[in-house]
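Have a look at the structure below before the remarks.
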Amino acid sequence: MKASHHRGMARTSLLVLGLAVLLAAIGLTLSLRKTPSPATPRTESGAGAPRPEHIVVVTIDTLRADRVGAYGYRSGRTPVLDGLARGGVRFERAYAPTPITLPSHASLLTGLYPPGHGSRHNGMRVEAGVSTLAELLKAAGFVTGAFVAAFPLDRRFGLDQGFDTYSDTMPRGPDGRLRNERAGRAVVDEAMAWLGQQGTRRVFLWVHLFEPHAPYEGDDHAAVGARAQPVAERYDAEVARADVEVGRLIEALGPRRPSTTVVVASDHGEAFGEHGEAGHSVFVYDTTLRVPLVLSGAGVSRAGHVVAGEVSLLDVLPTVTDLLGLPTPDVDGRSFSAALRGEPVPRRELYAESFAPLLDFGWSALRSIRRDGVKYVAAPKPELYDLSADPAEVRNIVTVRSDQARDLQARADAYSSPELPASSAQQQTTPEAQRRLQALGYVGAGRVASQAGSRPDPKDLRELAARIAQVTSGELSGDALRAALESIVRDDPANGQAHLRLGFVLVEAGQCPSAERHFRAAMTTGIPSADPSIGLAGCLFARGDLAEAAEASRVLDGADAIEPGNPVVKANQGVVAMAQGRNDSAIASLESAVAGAPDFLEARFNLARAYARAGRRDDAVREARELLSRLPPASPQRAEVERLLGVLTRAS
Ligand SMILES: [Zn+2]
């Protein structure tokens, strides 16, 4: 798991009573995943049946087309995808309608541009009234199952529409919090088990893999960031792991394979410095819009064919209904089923957008039109690129082709306004959802000021955006991380996430007085997280006097109101109450923490101590034994727990 990144937001800085290294130790244990054995490259049969019986869609999050062997990448570690392309049809120019996970998947599964399905950013729900591929296929008699690997696709955001089974449960970390992602292996294991239960029923299966998303784990899994392999190699290692999982899934189709159409795509690409961008979501260059798209199996009769024409993820839905002989729904996408038989794709216009600049930073949204070999970006300072001469989109020719630019601006406006209707921009997500999206690098936090018309152009702030993306990617550590955060809070003082992270970096460096200032700044920005309060309370409590403990207690009560029932807050309230001599209150808080997160071992240790202090020796012994049973055998903390247990049992 990518624990090293996410753990930073949920630390238990107050709980320093002898078990301070416990969380780190457990995190390390969990991150030691077994490296799967490499898959054998194989070529799929090109003899497609006329009409598919089953449909399988696999999305590999954040996978750039040009990092796949079949797309010409010489260092590619994608034997399974390459085999699917050799036996099927590969689309050389496939594009996402937005470089953001939830809205892009929503477009793939509805055939609609984001304005049509209403999800313009992660956290913005897909409208209930739209028809999804799962709904169409369920109505046609398919059994439908989805298995997703990351929180942005949680069912609460509406993509579960039409799925009989929608598996989106993420594992809990050692701090008791739900993680925001899970390993592809777990996702595919579940999908395989589900497939095994379906007998002879017709199956529509969607599997989502999150491996290539930052932070990128190298081949040894544990090391992330500058200390490890170069970033390109680590990204490729993640891609390789996803490829292995696709191979296991295809294998599990067994006798269904010849009658199954398999669609493999990504939801968006990833920037590694192109256009000054890091990550994805802000800009609409092809760095993040171009995606791999491969179809193979039933209905795909031209093995090894490469389609040069431009297609969109929106086209998957009408293509699938077409292949199945179902009526074509009224969607933005177009069927490319003729291309699967070797026919060319007609030229057309493609729209794309990103509202992340607006919703994350209050900057201008970006919209783009791709037509007649050019691409126009509607922005405060518009851009026009001749894609045939300048596929990297580096020479802006908007001033020399102003008539064409004017036409394309009108086209962009026809798809969407640069502002969002107030109702959708203010769509409520819960604080918990916002916090989890932010931990994945989506800043959110409703910074849409009412300054429409005078919004900054994201490309003028690309350097700041890249610094923020670098920090949220988990790629920086130590002094580099601290310097980046200090520069972000200087240039963007309202960035609560940056203040929060800087606070914890300073705590780690033993500089609580400086950290307190940033925790307080984060709290005033109103970010929907208990973490700034937890950090501040930790610093106050560490001073060791009763007045500060009282303030820490008040701060934690505020945190409890922001994230009610959060086990980390409860545990910290318990520790502070114990120090204040309020033992009943301490026990109640710690019991609540342990009930909410049974593997929250520091909370359990303190609960045992609180019981002991209250004279409840049997309860204390029970908790200590429970804790021992949950500690890994080699854990250095066992000695401390055994010592406590020894004191308790000797006394009785
Ligand atoms: Zn994504």
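The values are calculated or read from the model by the stated rules, or taken from the named source; none is laboratory data. Everything quoted here is computed from the prediction, not taken from an experiment. Virtual Cβ from ideal backbone geometry, glycine too; neighbours counted across all protein chains shown.
Structure data summary
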| read-out | value |
| --- | --- |
| Hits in the range 569-628 - residues which are basic (Lys, Arg) and within 21 Å of Gly558 (Cβ to Cβ) | Lys570, Arg582 |
| Cross-chain or 6+ apart pairs with Cβ under 7 Å, the range 397-417 first and within 16 Å of Tyr351 (Cα to Cα), then assigned to a helix (DSSP H, G or I) | Tyr415/Pro115; Ser416/Pro115 |
| Qualifying position, being among the hydroxyl-bearing types (Ser, Thr, Tyr) and within 16 Å of the ligand (Cβ to nearest atom), among Thr98, Thr132 | Thr98 |
| Filter result for Phe163 (at pLDDT 95 or above and more than 27 Å from Asp599 (Cα to Cα)) | yes |
| Criterion (assigned to a loop (DSSP other than H, G, I, E, B), over 30 Å from the mean Cα position of the chain (by Cα), of a type in the set (A, V, I, L, M, F, W, C) and surrounded by fewer than 22 Cβ atoms within 10 Å (Cβ to Cβ)) met by exactly one of Ala308, Ala338, Ala389 | Ala389 |
| Of the criteria (1) within 16 Å of the ligand (Cβ to nearest atom); (2) not in a strand (DSSP E or B), which one Val207 fails | (2) |
| Among the candidates Ser368, Ser424, residue that is surrounded by 13 or more Cβ atoms within 10 Å (Cβ to Cβ), within 26 Å of the chain's Cα centre (by Cα), more than 19 Å from Ala465 (Cα to Cα) and modelled with pLDDT under 95 | Ser424 |
| The range 176-194, residues that are more than 30 Å from Ser635 (Cβ to Cβ) and either within 16 Å of the ligand (Cβ to nearest atom) or surrounded by 22 or more Cβ atoms within 10 Å (Cβ to Cβ) (or both) | Val188, Ala191 |
| Candidate set from the range 506-535 (those that are part of a loop (DSSP other than H, G, I, E, B) and touching a residue at least 12 places away in the same chain (Cβ under 8 Å)); member that is nearest to Ser477 (Cα to Cα) | Ala509 |
| Criterion (away from the ligand (no atom under 16 Å from the Cβ), touching a helix residue (DSSP H, G or I) at 6+ places or on another chain (Cβ under 6 Å) and touching a residue at least 40 places away in the same chain (Cβ under 8 Å)) met by exactly one of Gly173, Gly162, Gly111, Gly116 | Gly111 |
| Single residue of the range 210-237 satisfying the filter (of a type in the set (A, V, I, L, M), modelled with pLDDT under 90 and closer than 20 Å to Arg185 by Cα) that is nearest to the ligand (Cβ to nearest atom) | Ala214 |
| Meets criteria (more than 30 Å from Leu366 (Cα to Cα), at pLDDT 95 or above and within 15 Å of the ligand (Cβ to nearest atom)) for Ala242 | yes |
| Candidate set from the range 269-302 (those that are within 16 Å of the ligand (Cβ to nearest atom) and within 18 Å of Ile250 (Cα to Cα)); member that is surrounded by the most Cβ atoms within 10 Å (Cβ to Cβ) | Leu293 |
| Long-range neighbours under 6 Å by Cβ, at least six apart or interchain, first residue in a loop (DSSP other than H, G, I, E, B) within the range 360-373, second surrounded by fewer than 24 Cβ atoms within 10 Å (Cβ to Cβ) and β-branched (Val, Ile, Thr) | Gly362/Val448 |
| Leading residue by the ranking (surrounded by the fewest Cβ atoms within 10 Å (Cβ to Cβ)) among those in the range 136-157 that are away from the ligand (no atom under 16 Å from the Cβ) and free of Cβ contacts under 8 Å to residues at least 60 places away in the same chain | Ala139 |
| Condition check for Arg609: surrounded by fewer than 21 Cβ atoms within 10 Å (Cβ to Cβ) and either modelled with pLDDT of 95 or more or under 23 Å from Leu645 (Cβ atoms) (or both) | no |
| Test: residue in the range 168-181 that is of a type in the set (Lys, Arg), under 15 Å from the mean Cα position of the chain (by Cα) and at pLDDT below 95 | yes |
| Criterion violated by Glu602 - all others in (1) charged (D, E, K, R); (2) over 12 Å from Glu623 (Cα atoms); (3) touching a residue at least 40 places away in the same chain (Cβ under 8 Å) satisfied | (2) |
| Any hit, the range 271-290, residues being more than 25 Å from Leu109 (Cβ to Cβ), in a strand (DSSP E or B) and not polar (S, T, N, Q) | yes |
| Test: residue in the range 247-268 that is away from the ligand (no atom under 16 Å from the Cβ), in contact with a helix residue (DSSP H, G or I) (Cβ under 6 Å, 6 or more places away or on another chain), under 29 Å from Ile468 (Cα atoms) and of a type outside the set (Phe, Trp, Tyr) | no |
